[in-house]
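Nothing in this text is a laboratory measurement; each read-out follows from the coordinates by a stated rule. Here the structure is a predicted model, which is why all the values come from computation and not from measurement. Glycine gets a Cβ as well: all are built from the backbone with ideal geometry, and neighbour counts include every protein chain shown.
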């Protein structure tokens, strides 16, 4: 036993400074059945030599094997400083028209396997890491080529395990691989979506519209309700990229492919749009769940705005407020900070404080807790408030009383751990 | 001696988690000679009962004793949720026209001392604290009245000590009272400026133009180069207020007062403007020096912008970037984060990455360290970079290459201590 005095000091020290235990995230990467994953893709994660330790995966490869190259649509960061892979991928898409030259929606099923040199011109690339550091491009090309040529492609697979290996290969400060899959039926046909993403810091995407415009459905890929509505630290990356691929492999050869088209079949269109949006939201939320140092997952809902943009701006401001986020970490129901953030940005119509309400909505289905109603502070039951903010999940709801539009943002708290991770990221 | 193993653990723990020692701030509140302070004001700080412990000062009173009420001009927060004292002070100024009814620049020197009830209508008020908590107004009025009536005003004084007591009385998480004074001469006449401010968190003012317009000089009181260019945490307060008072007490009775007027005497006008701006900048910077948890004082200079607003926006974005601020805390010369922040907001002209340069400017007068020159990363001497970011003071300089306008922002780093202070602020 250490001397009692020192022990007491250590304890006090720990209770005031040390990070809270991070929430367990094991349930977020439980295995998924192979049958959920789309046909016609093979994947892997390999060690190409970017990272020093040979046991670390550092390169993910996704290859469309059915019907030639997949059709692609993508959105990219609006940051004026675009990372090299963003510029390259934009060029690839511009040149290929999103792959539509392969058959304009219907795919050219006789397309031969392209040789590796051609593959470089049809490959969308993404990278992550310290800005300004040059990556070893020879190792990356060798890594891609080793998987893209049939001869050596023995690591490629289409099972959950292969997808998971790929998702693991591009993690940086992520604590778990982010992989989701779902299937649904439209007019008796099964559709499958699988997706991976990564990110834990420098998360505040504001991506532009897809270019070229997506060939199949006019879904807002930018994710008004998904990727463009998440924040970990308010910092926009130079690398933000969303890519959607489709190669029609699920359509059997005997079947004539029909595009899902809003005019032709509105119900089918809406079902697909809603499934894709929900799927994108799920993937986007995983990033916030794994936010650097995060101990909370917080939904910020802004309602009663004159426009969607107004609601989105307010939700973004609350989601990036250092004072709101440290209060969340400290489990302090400090609604005044939410209010100050709400009022701090100009909107398309002036805010009337007497029409603004703020409440906490628990995720367990119990009653919301009003904190401010029409500009008047409620007498808050602090015990109940503490109970709500002590949960890992929490919704902050702000009613502006100015209109009918709404938006959501997903954010996390600001912890010692965030400061620690980002104070020594490069070293 | 504790057992070596535990001791080693404690040491490791301390070296990874514990806050760095805070910079000493004693030199920032050294005594100032009484002769620097303007004539015609008396001040004090008292315990009025807002705070529980009787030894804590909680109310500052400043009273203009010469020539009746002082002329006043003020700027207030643009937050849609204005704190009660902001609304009251705005009303007082609107009603009184900034005190000009007392003689439109020249003061009515025969104005009798107003009774306490009238004083309430001529008093500008400011408060600080947790948003939404109602302050005990009876105690505050009693406190003001006790000082404002000649009979009981025995605490009031005009020395440095009285000013310092007042500055101390409105501190919250501030670690030192913020008080400055200076004197200068224009056309043989001595002018004196004294000022106090407070603030350490919820610091990102964006105040509106003075209303009513200041009677004497058209200085941009909002502080393009002072209060509207500081950030601790990016959060705009509901209470931000700047008040400038002038009562002409320095003008002897035999002398005819002349207003400093740009048309009449441009040199005098510019001297006064520059002195007032420099003074406001000095006061504003004290807030950043005392930023919650701050271990660094960082000047962000943005040059080569198409407009002042563009330069100011970029400087603000860099100054509020959580990633830039944690890197500064970690003394990591991570210029990529500065670049990402720079590129993340739309400007009036598109940024051309090949014209952007970033450098660190040491405050000791030694050579600046280029990090990025015309979009190309420099081979950075990491030892030198570490040396520069390890100093308490540092300048980050960003050249946009788009025009001739520039702006500065003053900010601090983001530390464990900030999270700690704001995780338990209310408790």
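Per residue of B:68-80, what is the mean number of Cβ atoms on other protein chains within 10 angstrom of that residue's Cβ? Mind dumping the intermediate values first?
Numbers: counts 0, 0, 0, 0, 0, 0, 0, 0, 0, 3, 4, 9, 14.
For peptide B:68-80, the averaged partner shielding equals 2.
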Checklist entry - Quick one: length gained pulling residue B:379 to residue B:282 fully straight, 0.36 nm per residue minus the C-alpha distance? => result 31.3 nm
Item to check | Shielding by partners, peptide A:316-326 (average Cβ within 10 angstrom, other chains) | outcome: 5
Checklist entry - Taking a point 7 angstrom from the Cα of residue A:274 along the C-beta vector, which residues in the stretch A:382-426 have backbone N less than 12 Å away? => result none
Next on the checklist: How far, in nm to one decimal, is residue B:47 from itself in the other copies if the label point is set 7 angstrom along Cα toward Cβ? Shortest first, please.
Outcome noted: 6.7
Item to check | Other copies of residue A:352: label-to-label distances in nm, shortest first, labels 7 Å along the beta-carbon direction | outcome: 4.9
Checklist entry - Contour minus end-to-end for residue A:259 and residue A:95, with contour as 0.36 nm per residue of separation and end-to-end as the Cα-Cα distance? => result 56.7 nm
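For the residues A:418, B:41, what sequence is obtained by ranking on other C-beta atoms within 10 Å, fewest first? Let's see the in-between values first.
Working: A:418 30, B:41 22.
Placing the least packed residue first, the sequence is B:41, A:418.
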Next on the checklist: If I model a spin label at residue B:211 and residue A:145 as a point 7 Å from the Cα along the Cα→Cβ vector, what separation in nanometres do I get?
Outcome noted: 6.8 nm
Item to check | Residue mean of other protein chain beta carbons inside 10 Å, B:342-355 | outcome: 3
Checklist entry - Copy-to-copy spacing for residue B:390, label 7 Å out on the Cα-to-C-beta vector, in nm, shortest first? => result 4.4
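How big is the convex hull of the Cα atoms of the stretch A:295-367, per residue, in Å³? Intermediate values should be presented prior to the final figure.
Working: hull volume 7.6 nm³, N = 73.
Dividing the Cα hull volume of the stretch A:295-367 by its residues yields 104 Å³.
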Checklist outcome for this item: Rounded to one decimal in nm, the spacing of the 7 Å Cα→Cβ label points at residue A:27 and residue B:352 is 5.5 nm
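Once the Cα gyration tensor of the stretch A:254-385 is found, what semi-axes does its equivalent ellipsoid get, as square roots of 5 times the eigenvalues, in whole Å, sorted largest first?
Working: eigenvalues 250, 78, 43 Å².
Each semi-axis is the square root of five times an eigenvalue, giving 35, 20, 15 Å.
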